[in-house]
Amino acid sequence: MTLFKLADALALALTTPFVLELGFSRNELAGIVKGVGFAATLAGGFAGGYVARALPLAPSLWLGGMLQSVTILLFAWQAVVGMNAAALTLTISVQYFTDAIGTVIFVAFYRRCAATRCTPRPNTRS
């Protein structure tokens with residue numbers, strides 16, 4: 001389970017160097033991430049909550065993982081497109097949206113795991 005968010009974490013860590021190498025400025029990236037990225041994160045959080053409640057946990061995890069993996073293909077597309085602000089906005093929006101979906105579903109998984117198997121037991125030692 002520790003590999004569930006690995007691809008997404010790597011993509012997020014490499015976003016800034018990738019975008020700067022394409023030719024965008026830090027101000028352009030910040031404007032997209034802080035504006036559209038924030039809204040996409042909120043929407044993805046609500047969508048992830050809906051998915052986590054509407055589907056069983058295993059299919060929810062699969063869906064979240066697949067969405068996060070497909071997002072990496074948008075970065076490949078962005079590399080082909082090059083310095084295009086509209087394409088970068090779409091790429092960043094989808095990345096933050098799917099990251100939020102995956103995070104909410106992963107938290108739901110950990111919550112269920114903790115509620116069933118990891119509950120504290122009374123100390124029997126004196």
Need the failing condition index for residue 51 against (1) within 19 Å of residue 108 (Cα to Cα); (2) in contact with a Ser or Thr (Cβ under 6 Å, 6 or more places away or on another chain); (3) surrounded by fewer than 18 Cβ atoms within 10 Å (Cβ to Cβ); (4) not acidic (Asp, Glu), just the number. (3)
Scanning the stretch 15-28 for residues that are assigned to a helix (DSSP H, G or I) and without any contact (Cβ under 8 Å) to a residue 24 or more places away in the chain, the one nearest to residue 94 (Cα to Cα) turns out to be 16
In the set 73, 42, 90, which member is surrounded by fewer than 12 Cβ atoms within 10 Å (Cβ to Cβ), under 18 Å from the mean Cα position of the chain (by Cα) and under 24 Å from residue 14 (Cβ atoms)? 73
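Read-outs: derived from the displayed coordinates by stated rules, not from any lab. Everything numeric here is computed off the predicted structure, so don't read it as measured data. In this analysis, Cβ positions are derived from the backbone assuming ideal geometry, glycine residues included, and neighbour counts consider all displayed protein chains.
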